[in-house]
Amino acid sequence: MEKNDLRIVYMGTPDFAVESLRRLVEGGYNVVGVVTMPDKPVGRHGSVLQPSPVKVYALEQGLKVLQPERLKDEAFLDELRALQADLQIVVAFRMLPEVVWSMPRMGTFNLHASLLPQYRGAAPINWAVIHGDTETGVTTFFLKHEIDTGEIIRQVRVPIADTDNVGIVHDRLMSVGAALVTQTVDDILAGTVCPVPQEQLAESSGPLRPAPKIFKDTCRIGWEGTVKSVYDFVRGLSPYPAAWTELVSPDGKRQALKVYESTKLPAAHALPCGAVRTDGKTYFHVAVCDGYVGLTEVQLAGKKRMAVADFLRGFRLSDDYRVE
């Protein structure tokens, strides 16, 4: 079978999933339908419906789009069957019921932004950077019952530099992952796939780290950590959803402060964790157990994101402040 004869249904929602779909379309693969999340209400009253990035691209390409509220809805399943897909591809979508992932005769494979079995879950890129990993990657695997546990088809390793934030790693994996998706389709067409159970890789990959969904409370900075752990935490959440802390004034007033960039400043000191050191003009350092973390790009609640020098021009910060 040629790639333009293989009937593919693609499933995805965010920007990360657009690049793989673009590579399939521009590569001449036969995408017969796209499944994405329903339009999201936005605005003050939720009166405006915002389509997903995948839907926007799919409609631009004239592709058929399905947006089920429930994946077990019979009307949706009938529409999906009518597409007569040979293969389904999932990139950053949602957990599929068996009635969906078992439908195509060649199966359903997923692109996951980690080197499985590490970082199973919703936020693998964030957690890899938060933990200070120097390497991550992308994995394609066939779906089965338990989430992110199916047999591995292919993996590509990608380095993480000490200066990379999650946005940089996201974009790198998005591009590498898109190439892996088309390579995986080619392998399936050629009949050269030899899937490997994840259990075979688990022993050599060390203790398994999960990648649970990130909530606001997850993003609060713990200043009792080390210089490196706080620095990695900040870049693992930048630019989105962003690490945050509370800036506490001498009179006890609290203001939320997001931190987008920081620097590592190892040093010996006797200050309590969270103590602030600043000249009020050029630097904003926070004490941690083994030194200081220099905050270099911040955003006060209700204000714009800015370099710390610009922040200090409009905010009278002193050593009497602390962060918690």
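Values in this text are rule-based calculations from the coordinates and carry no lab data. What you see is a predicted model; the values in this text were computed from it and never measured. Here Cβ is always computed from backbone atoms with ideal geometry, including for glycine, and neighbour counts include all displayed protein chains.
At-a-glance table
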{"quantity": "Anisotropy class of the range 7-202 from Cα gyration tensor, a/c 1.5 cut", "calculated": "oblate"}
{"quantity": "Efficiency of FRET from Cβ geometry, Thr218 and Val42, R₀ 22 Å, rounded to 0.05", "calculated": "0.45"}
{"quantity": "Computed [θ] at 222 nm, deg cm²/dmol, the chain (DSSP H ≥ 4; -39,500 (n - 2.57); rounded to nearest 500)", "calculated": "-7500 deg cm²/dmol"}
{"quantity": "Using θ = phi - 60° and Karplus 6.51 cos²θ - 1.76 cosθ + 1.60, couplings along the range 223-233 (whole Hz; Gly, Pro as x)", "calculated": "6, 7, x, 8, 3, 5, 5, 6, 4, 5, 4"}
{"quantity": "Lys/Arg +1, Asp/Glu -1 at C-beta; the chain dipole; positive extreme among Ile147, Ala75, Thr108", "calculated": "Ala75"}
{"quantity": "Estimated distance in nm for a label pair at Arg70 and Arg254, the labels positioned 7 Å out from Cα along Cα-to-Cβ", "calculated": "4.1 nm"}
{"quantity": "Footprinting exposure proxy for Arg220, Arg172 (fewest neighbouring C-beta atoms within 10 Å first)", "calculated": "Arg220, Arg172"}
{"quantity": "Surrounding net charge for Phe311, when Lys and Arg each add one and Asp and Glu each subtract one, Cβ distance under 9 Å", "calculated": "0"}
{"quantity": "Student exercise, the chain dipole from Lys, Arg, Asp, Glu Cβ charges, in Debye to nearest 20", "calculated": "920 debye"}
{"quantity": "Dipole magnitude (debye, nearest 20) for the range 217-323, charges at Cβ of Lys, Arg, Asp, Glu", "calculated": "320 debye"}
{"quantity": "Least to most buried among His145, His285 (fewest other Cβ within 10 Å first)", "calculated": "His145, His285"}
{"quantity": "At R0 = 30 Å, FRET efficiency that the Cβ-Cβ distance of Ala309 and Glu60 yields, to 0.05", "calculated": "0.10"}
{"quantity": "Rounded to 5, percent antiparallel among DSSP beta bridges of the chain", "calculated": "70 percent"}
{"quantity": "Theoretical FRET efficiency, 1/(1+(r/R0)^6), r = Cβ-Cβ of Ala267 and Arg316, R0 30 Å, to 0.05", "calculated": "0.75"}
{"quantity": "Point-charge dipole on Cβ atoms (K/R +1, D/E -1) for the range 144-258, about Cα centre, debye to 20", "calculated": "460 debye"}
{"quantity": "GNM top mover of Ala242, Ala113, Ala256 - the chain, alpha-carbon springs below 10 Å", "calculated": "Ala256"}
{"quantity": "Rounded tilt (10° steps) of 166-190 against the dominant C-alpha axis of the chain", "calculated": "10 degrees"}
